[in-house]
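Engineer: Below you'll find the structure I mean.
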Amino acid sequence: MLALLDGTDPGLTEALDVVAAVDDGLVHGFVRVDEDRAAALAALAGAFAGSPLRDRIAEAVDKIAAGSIADEHLLALAAARVAVFGAVHDALLTRVDSALSRTRAPWQGQPGPAAGAANLLVGSRSWLRELAITGWRGVDHDLVTASSQVIEATLADPELRRLAVLLDGLAAELRAASPIATLERLPVRRWADLWSRALLLAQDGGRAGRAADAETVSGRLLVLGADVHEHGTAVQVQVHGVLEAGGVTRLVRTSVTAGKVDTIVGPAIWGLLQGFPVLMTALAERRSLDLTDLPLLASGDLIWHDAQAKAGEPADPFATARVLLPGALAPAVPPLDRHPARIAEPVFVEGDSAIPLDTTRLPACGPLTAGLVAGASACIGLLRWDSGKWVVQPIAVQATVKKKTTTVHTTDWALGPTDAKAAKAAGDAVQVLRERAGRLLRK
C-alpha cells in the first residue's frame with residue numbers, strides 16, 4: 001500500500017475546487033447569483049467543454065446566471081457535480097487497485113425503469129428545487145416541514161426507498177440545524193452531496209440497478225469483518241467478506257438494518273438484529289456461511305435472506321485476509337456510488353502501517369477499542385480516503401493483551417456482550433424501553 005503515498009493525482013485538487021460553484025450556490029440560493037458566483041459556474045461549465053454534458057451544463061449555467069431556473073437546469077448542475085466526484089473516485093480507486101494488485105470487474109448494471117408513483121418523484125423534485133432556490137441560509141421551519149407529506153408517502157413505496165431515506169435524512173439534518181441562518185459553519189459538502197444524489201434519484205429511471213437484475217449465487221462466504229453504521233433512528237451492519245461460488249473468488253458485502261430509538265445505543269443495538277440469527281451467529285462465532293440462491297448485485301452487494309444461509313465451520317478472518325483477499329475479484333462500483341467518501345476497500349495490514357489507522361469510526365457496540373488498535377500487530381480494515389489523505393478503518397485486530405495474542409472484532413458481541421458491564425448496560429437500556437412502552441400501552 002506504500003504506492004498510495006507516492007505523489008498525488010494530477011488535477012484532483014482542481015477537480016474538487018470546481019464543484020465549489022454548485023456548493024456555494026446551494027448555500028446562498030441560486031435565485032441570488034452575483035458576478036463572482038456566475039463566474040464560478042462558468043468555470044464549472046468550462047470543465048465539461050470536452051464531455052457529452054457540455055451543452056446541457058453550459059445552457060444551465062447561462063439560464064441560472066440570467067435568473068431563469070428550471071428543473072432541467074438544476075438537474076444539469078447536480079449531474080455535473082456527481083460526474084466530477086465520480087471522476088475523482090475513479091482516479092483514487094485506480095490507484096488503490098494498482099497498489100494492491102487488485103483486479104476489478106467492469107460495471108455491467110443497467111439503469112432501472114421509472115420507479116414508484118410519478119407524483120412522488122415530482123413532489124420530491126419540487127422540494128429539492130425550493131431548497132436550491134432558497135439556499136441553506138434561507139431554509140426555515142416551514143420549508144423543512146413542507147417535505148413531510150411527500151417523504152412520508154415516498155417511504156411507503158418500496159421502489160423509492162433509497163430516495164425516501166435520503167430525503168428524510170436531509171430534512172432531519174436541516175431541522176436539527178435550524179435556525180440555519182445563525183450557524184457559523186455549515187456542512188456544505190455533505191448537504192450538497194445529499195441534495196445532488198437525491199435529485200438524480202428523483203428522476204424517472206433514476207435507479208442504478210434492481211434486485212430483480214441480480215445474479216443468483218450459492219457457495220461459501222468467508223467473513224472478513226463488519227462496519228457498523230449507527231444513527232438515532234436506525235442501525236446497519238455492513239459485512240465484508242470473500243465469496244467462493246461458481247469457481248470464482250469475489251469480494252462481496254451484505255447489509256442488515258433495523259429501526260431503533262435514540263435510547264438504544266452501544267452494545268444494546270445487537271438486540272435489534274436478532275431477526276438475523278444465522279448472520280449474527282457467524283459474526284459472533286467467526287464461522288463461514290453456506291449460501292443458497294442469494295441475489296448478488298453487480299455492485300458486489302448480496303441481498304441478505306437469513307433463511308437462505310447456514311452457519312458453517314469456524315473460519316479465521318485473518319487467515320482469509322492473508323490467503324484469499326489478495327486474489328479476490330473486486331466488484332464494480334455503480335455510477336451513483338462513485339464518490340471519494342464511499343471508498344471502503346477491505347485490506348490486510350501487518351506490522352507497522354505507513355497509512356494511519358483511524359479509530360474515530362470505531363463503533364461503541366463492540367469490544368474493539370483505540371487502545372487495542374494502538375497495540376495491534378495485524379489489522380483487517382477498510383481503506384478510506386478522508387479529507388485528502390488515506391486512512392485505514394480497523395474492523396478487526398490481532399494484539400497482545402496480558403502477554404497473550406488475542407483477536408478482537410467489531411462484531412464479537414453480535415449475540416450479546418460477553419463483558420459483564422457491557423451486558424448489564426445493554427440489558428438496562430432495553431428494559432427501560434420496554435417499561436416505557438408498557439406504560440404507554442396501559443394508558
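Engineer: State all residues of segment 188-214 that are assigned to a loop (DSSP other than H, G, I, E, B) and either surrounded by 16 or more Cβ atoms within 10 Å (Cβ to Cβ) or at pLDDT 95 or above (or both); if no residue qualifies, say none. Explain how you work it out, then say what you get.
Structural biologist: Filtering segment 188-214 down to residues assigned to a loop (DSSP other than H, G, I, E, B) leaves 202-210, 214.
Correct list: 202, 203, 206, 207, 208, 209, 210, 214.
Engineer: Related question: Using beta carbons and a limit of 6 Å, which pairs, at least six apart or on different chains, have the first residue in segment 11-24 and without any contact (Cβ under 8 Å) to a residue 24 or more places away in the chain and the second one surrounded by 15 or more Cβ atoms within 10 Å (Cβ to Cβ) and not small (Gly, Ala, Ser)?
Structural biologist: Listed pairs, sorted by first residue: 21/41; 21/44.
Residue by residue, here is whether (1) farther than 30 Å from residue 242 by Cα; (2) in contact with a His (Cβ under 9 Å, 6 or more places away or on another chain); (3) of a type in the set (Asp, Glu); (4) modelled with pLDDT under 95 holds:
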{"position": "63", "(1), (2), (3), (4)": "yes, yes, no, yes"}
{"position": "66", "(1), (2), (3), (4)": "yes, no, no, yes"}
{"position": "71", "(1), (2), (3), (4)": "yes, no, yes, yes"}
{"position": "75", "(1), (2), (3), (4)": "yes, no, no, no"}
{"position": "87", "(1), (2), (3), (4)": "no, no, no, yes"}
{"position": "98", "(1), (2), (3), (4)": "no, no, no, yes"}
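Engineer: Against the definition (at pLDDT below 90, over 26 Å from residue 250 (Cα atoms) and aliphatic (A, V, I, L, M)), how does residue 401 come out, yes or no?
Structural biologist: Taking the combined requirement at face value, the residue satisfies it.
Engineer: Shifting gears a bit: Scan the helices (runs of 4 or more DSSP H) fully inside segment 42-159 and keep the ones with 1 or more residues being within 18 Å of residue 21 (Cβ to Cβ). So that I can check it myself, show each step before the final result.
Structural biologist: Details: elements: 54-65, 71-100, 118-134, 141-145, 148-155.
Output list reads 54-65, 71-100, 118-134.
Engineer: Just name the residue that is nearest to residue 301 (Cα to Cα) out of those in segment 334-355 that are assigned to a loop (DSSP other than H, G, I, E, B) and over 21 Å from the mean Cα position of the chain (by Cα). Can you show your working first?
Structural biologist: Taking segment 334-355 as the starting set, the residues that turn out to be assigned to a loop (DSSP other than H, G, I, E, B) are 334, 338-339, 343-344, 351-355.
Subsequent filtering for residues that are over 21 Å from the mean Cα position of the chain (by Cα) retains 351-355.
Numbers: 351: 31, 352: 31, 353: 29, 354: 30, 355: 27 Å.
Here the answer is 355.
Engineer: Next question, about the same structure. Determine whether residue 364 is surrounded by fewer than 15 Cβ atoms within 10 Å (Cβ to Cβ), at pLDDT below 95 and assigned to a loop (DSSP other than H, G, I, E, B).
Structural biologist: Values: surrounded by fewer than 15 Cβ atoms within 10 Å (Cβ to Cβ): yes; at pLDDT below 95: yes; assigned to a loop (DSSP other than H, G, I, E, B): yes.
The answer is yes for residue 364.
Engineer: Is it true that some residue in segment 347-354 is farther than 26 Å from residue 214 by Cβ, crowded, with 19+ Cβ neighbours inside 10 Å and in contact with a Lys or Arg (Cβ under 9 Å, 6 or more places away or on another chain)?
Structural biologist: yes
Engineer: Could you count how many residues in segment 235-250 are under 21 Å from residue 414 (Cβ atoms) and either charged (D, E, K, R) or crowded, with 17+ Cβ neighbours inside 10 Å (or both)? So that I can check it myself, show each step before the final result.
Structural biologist: Start the filter on segment 235-250 by keeping residues that are under 21 Å from residue 414 (Cβ atoms), which leaves 235-243.
Those left that are additionally either charged (D, E, K, R) or crowded, with 17+ Cβ neighbours inside 10 Å (or both): 235, 237-243.
Count: 8.
Engineer: From the list 3, 70, 20, pick out the single residue that is more than 30 Å from residue 353 (Cβ to Cβ), of a type in the set (A, V, I, L, M) and surrounded by fewer than 14 Cβ atoms within 10 Å (Cβ to Cβ). Spell out how you get there, then give the answer.
Structural biologist: On the way: 3 fails: more than 30 Å from residue 353 (Cβ to Cβ); 20 fails: surrounded by fewer than 14 Cβ atoms within 10 Å (Cβ to Cβ).
Answer to the check: 70.
Engineer: Check segment 194-205 and report whether any residue there is free of Cβ contacts under 8 Å to residues at least 40 places away in the same chain and not assigned by TED's automatic domain parsing to the domain that holds residue 143. Spell out the reasoning first.
Structural biologist: Taking segment 194-205 and keeping what is free of Cβ contacts under 8 Å to residues at least 40 places away in the same chain, we get 194.
When the remaining residues are screened for being not assigned by TED's automatic domain parsing to the domain that holds residue 143, the result is none.
The answer is no, given that none of the residues of segment 194-205 is free of Cβ contacts under 8 Å to residues at least 40 places away in the same chain and not assigned by TED's automatic domain parsing to the domain that holds residue 143.
Engineer: Would you call residue 16 aliphatic (A, V, I, L, M) and modelled with pLDDT under 90? Outline the logic, then answer.
Structural biologist: Numbers: aliphatic (A, V, I, L, M): yes; modelled with pLDDT under 90: yes.
It is true that residue 16 is aliphatic (A, V, I, L, M) and modelled with pLDDT under 90.
Engineer: Cβ-Cβ distance below 9 Å, separation of 6 or more or different chains: which pairs start in segment 136-152 with a residue that is outside the structural domain of residue 162 (by TED's automatic domain parsing) and end on one that is in a loop (DSSP other than H, G, I, E, B) and surrounded by fewer than 16 Cβ atoms within 10 Å (Cβ to Cβ)?
Structural biologist: Within 9 Å, no pair qualifies.
Engineer: Within segment 31-60, how many residues are among the aliphatic types (A, V, I, L, M) and more than 30 Å from the chain's Cα centre (by Cα)? Explain how you work it out, then say what you get.
Structural biologist: Within segment 31-60, the subset among the aliphatic types (A, V, I, L, M) is 31, 33, 38-45, 47, 49, 53, 57-58, 60.
When the remaining residues are screened for being more than 30 Å from the chain's Cα centre (by Cα), the result is 31, 33, 38-39, 42, 49, 58.
Of the residues in segment 31-60, 7 are among the aliphatic types (A, V, I, L, M) and more than 30 Å from the chain's Cα centre (by Cα).
Engineer: Suppose we filter segment 251-291 for residues that are hydroxyl-bearing (Ser, Thr, Tyr), surrounded by fewer than 20 Cβ atoms within 10 Å (Cβ to Cβ) and in contact with a Phe, Trp or Tyr (Cβ under 6 Å, 6 or more places away or on another chain); how many remain?
Structural biologist: At the first step, the residues of segment 251-291 found to be hydroxyl-bearing (Ser, Thr, Tyr) are 254-255, 257, 263, 281, 288.
Filter once more, so that each one left must be surrounded by fewer than 20 Cβ atoms within 10 Å (Cβ to Cβ): 255, 257, 263, 281.
Now drop any that are not in contact with a Phe, Trp or Tyr (Cβ under 6 Å, 6 or more places away or on another chain), which leaves none.
So the count comes out to 0.
Engineer: Residue 164 - would you say it is crowded, with 22+ Cβ neighbours inside 10 Å and modelled with pLDDT under 95? If you could, list the steps in order and put the result at the bottom.
Structural biologist: On the way: crowded, with 22+ Cβ neighbours inside 10 Å: yes; modelled with pLDDT under 95: yes.
It is true that residue 164 is crowded, with 22+ Cβ neighbours inside 10 Å and modelled with pLDDT under 95.
The values are calculated or read from the model by the stated rules, or taken from the named source; none is laboratory data. Since this is a predicted model, take the numbers as computed values, not measurements. Please note: Cβ atoms are built from the backbone with ideal geometry, for glycine as well, and neighbour counts cover all protein chains shown.
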